[in-house]
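See below for the structure under consideration.
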Amino acid sequence: MTTRPVCAVVGVGPGNGAAFARKFAAEGYKVALLARNEDFLAVLEEQIDSARAYQCDVTDLHGMQDVFDRIKVDLGPVEVLIYNAGAGEFTNFDKTTATGFERAWRVNALGCLVASQQVVPDMRSRGHGNIVIIGATASFRGGANFLPFASAKAAQRSLAQSMARLLGADKIHVSYVIIDGVIDLVRTRKSMPDKPDEFFMSPDHIAESVYFLTRQPPSAWTFEIDLRPFKEKW
């Protein structure tokens with residue numbers, strides 16, 4: 001009997017996170033759903049076969065360790081980690097607070113480090129694994145009004161690059177996905193009612209690209225890809 005692999009999605013919301021969970025479940029994975037919103041997780045858990053919900057705040061480092069211990073007991077060792085948690089104030093230098101700046105870094109960079117540290121030992125022991133980190137254009141371009149978010153995403157991208165260079169030797173593929181566009185959600189459609197369909201990014205299509213990264217052979221790994229609709233200026 002073949003054991004189903006485990007995918008953990010950190011930062012599950014109604015857009016990309018839910019799409020990642022559905023895609024990997026459809027491809028035969030058991031999926032751990034991690035997010036702060038317990039009510040949303042409960043609904044999604046009912047909708048996706050082989051999914052299990054875990055309420056978690058990525059800034060609670062001890063809580064993160066406990067959750068990943070539970071995932072290993074409940075589902076097995078994680079073979080694919082998708083770090084989709086992201087937050088940050090969209091303010092400029094004059095309006096940015098130290099608290100807001102630090103929280104953006106904790107969500108985007110420190111939480112990513114801690115989540116990865118929970119799964120790498122098992123990946124190393126098996127000789128393979130995938131860590132996919134969901135980034136943003138702000139990771140390499142700091143807009144005037146994006147100071148906390150951009151600086152945190154830049155730290156996250158640098159973290160991912162350092163991890164990829166070290167962990168590649170252990171056959172652990174670390175990749176970074178730059179999302180450049182507006183995600184197709186109910187709230188984004190309502191806020192931009194005049195935009196055509198092709199302006200928005202489909203979470204399901206993003207999930208297809210993320211799954212593709214986890215299927216690449218080690219001789220031709222991608223570290224970084226950027227995804228955008230053709231309508232997006234770049």
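Think of segment 6-227 as a dipole: +1 on every Lys or Arg Cβ, -1 on every Asp or Glu Cβ, centred on the Cα centre; then among 90, 101, 220, 220 lies furthest on the positive end.
Estimated at 0.36 nm per residue, the fully extended path between residue 166 and residue 202 surpasses their Cα-Cα distance by 9.7 nm.
For the chain, lysine pairs separated by 8 or more sequence positions, or belonging to different chains, with Cα-Cα distances below 29 Å total 24. Computed about the Cα centre, the dipole magnitude for segment 86-212 is approximately 380 debye when only Lys and Arg (+1) and Asp and Glu (-1) carry charge, each at its Cβ.
Give the calculated FRET efficiency between residue 27 and residue 124 to the nearest 0.05, with a Förster radius of 30 Å applied to their Cβ-Cβ distance. The partial results should precede the final answer.
Numbers: r = 23 Å, r/R0 = 0.78.
It comes to 0.80.
Summing Lys and Arg as +1 and Asp and Glu as -1 over all other residues whose Cβ lies under 14 Å from the Cβ of residue 78 gives a net charge of +3.
Need one word for segment 100-145: rounded, prolate or oblate. Basis is the Cα gyration tensor (sqrt eigenvalues a ≥ b ≥ c); a/c below 1.5 gives rounded, then a/b vs b/c decides. Intermediate values should be presented prior to the final figure.
Values: a/c = 5.57, a/b = 2.14, b/c = 2.61.
In terms of gyration-tensor shape, oblate.
Ranked by how many other Cβ atoms sit within 10 Å of their own Cβ, fewest first, the residues 34, 167, 44 fall in the order 167, 44, 34.
Electrostatic tally near residue 201: other residues with Cβ closer than 9 Å to its Cβ, Lys and Arg +1, Asp and Glu -1, net -2.
Roughly how big is the chain's charge dipole about its Cα centre, with Cβ charges of +1 (Lys, Arg) and -1 (Asp, Glu), in debye to the nearest 20? Don't jump to the answer; show the numbers that get you there.
On the way: 26 positive and 27 negative charges, 93 e Å.
My answer is approximately 440 debye.
Only beta bridges with both residues in segment 6-227 are counted; by DSSP, about 0 percent of them are antiparallel. How far is helix 147-167 tilted off the main Cα axis of the chain, in degrees rounded to 10, range 0 to 90? Roughly 30 degrees between the two axes.
Calculate for the chain the 222 nm mean residue ellipticity that helices alone would give, adding -39,500 (n - 2.57) per DSSP H run of length 4 or more and normalising by residue count, nearest 500 deg cm²/dmol.
On the way: 8 runs with 98 residues, N = 234.
Result for the chain, helices only: -13000 deg cm²/dmol.
Other residues whose C-beta falls under 13 angstrom from the C-beta of residue 99 contribute a net charge of +1, scoring Lys and Arg +1 and Asp and Glu -1. Expressed as an acute angle from 0 to 90° and rounded to the nearest 10, what is the orientation of the C-alpha long axis of helix 111-126 relative to the principal long axis of the chain? Computed tilt is about 30 degrees. Taking Cα atoms only, the orientation of helix 16-26 departs from the longest principal axis of the chain by about 30 degrees.
For a protection proxy built on the mean count of beta-carbon atoms within 10 angstrom, sort 52-62, 96-106, 181-191 highest first, please.
Working: 52-62: 18.5, 96-106: 16.4, 181-191: 14.2.
Listed from highest to lowest mean packing, they are 52-62, 96-106, 181-191.
We did not get these values from a lab; they are worked out from the coordinates using the rules stated. Everything numeric here is computed off the predicted structure, so don't read it as measured data. Note: ideal-geometry Cβ built from the backbone for every residue, glycine included; neighbour counts use all protein chains shown.
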